[in-house]
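Okay, so here's the structure we're looking at.
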Amino acid sequence: MLGVNASSRFYNLAYKLDPDVTLFVNEYNTIENPGGVTATPVKEKMEEILAYQGNENIKGAIGAQGHFSPTQPNIAYMRSALDTLGSLGLPVWITELDMPKCPNQAKYMEEILREAYSHPAVEGIIIFAGPEVIGFGQADTRGQGLQQHGDRRCN
C-alpha cells in the first residue's frame, strides 16, 4: 500500500470511511523561517492529494505548525507563506504555536498572533503550551512528564 500516491490513497480511504471529516495536511517549518521546508511543497502535496481520483470532494485543510525560535519573527515571510497556503482556497490552521522563553517572548508572540488572526485564510490557531511543572516544552514528547508527575495538569 505504501509507495507512489500512498498519501493520496490514505486520504481517499479516510474520506470513504467518513466523508464529513476535514482532512488536514499538517507540516512543520512552513511559516516560521525562509530556511525551513517552506509552504510551496505543502501546497503541492495537498494539490496532489486532491487531484487523486475520488478525492475531488474531500474536505481538506492545511495545518501549519508554528514552532518559532526565540528571536524576532519574520512576519513578512509568515504572511507570504500563509498567502501560498491560502491560495488553495482551503482553511488554514496554525497548529502547535509556541516559542521558547526569551526576554521578548510576549512581544514576539503578539506579533505572530496578530498576523495569524488577521490573515483571511487562517480559520484557527492552536497554542502548543502546557504546565512547566510537568516539563512541557522539553524535548521529551512521549508524555512521560505526565506519568512522572501524576495528573497535576489542572492544579
Spin-label model distance (nm) - Ser87 vs Ile126, 7 Å beyond Cα toward Cβ: 2.6 nm
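Got a sec? How would Val25, Val42, Val92, Val4 order by Cβ neighbour count within 10 Å, fewest to most?
Least to most surrounded, the residues fall as Val4, Val25, Val42, Val92.
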Taking 0.36 nm per residue of sequence separation and subtracting the Cα-Cα distance, how much length would be gained by fully extending the chain between Cys102 and Ser118, in nm to one decimal? 3.3 nm
From fewest to most C-beta neighbours within 10 Å, the residues Phe68, Phe10 line up as Phe10, Phe68
Listed by chain and number, the lysines with an alpha carbon less than 23 angstrom from that of Lys59, same-chain partners under 8 positions apart left out, are Lys16, Lys43, Lys45
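Read-outs throughout are calculated quantities, based only on the coordinates presented, and are distinct from any laboratory measurement. If you're wondering where the values come from, they're calculated on a predicted model, not measured in any experiment. Note that we place each Cβ from the backbone using ideal geometry, even for glycine, and neighbour counts take in every protein chain shown.
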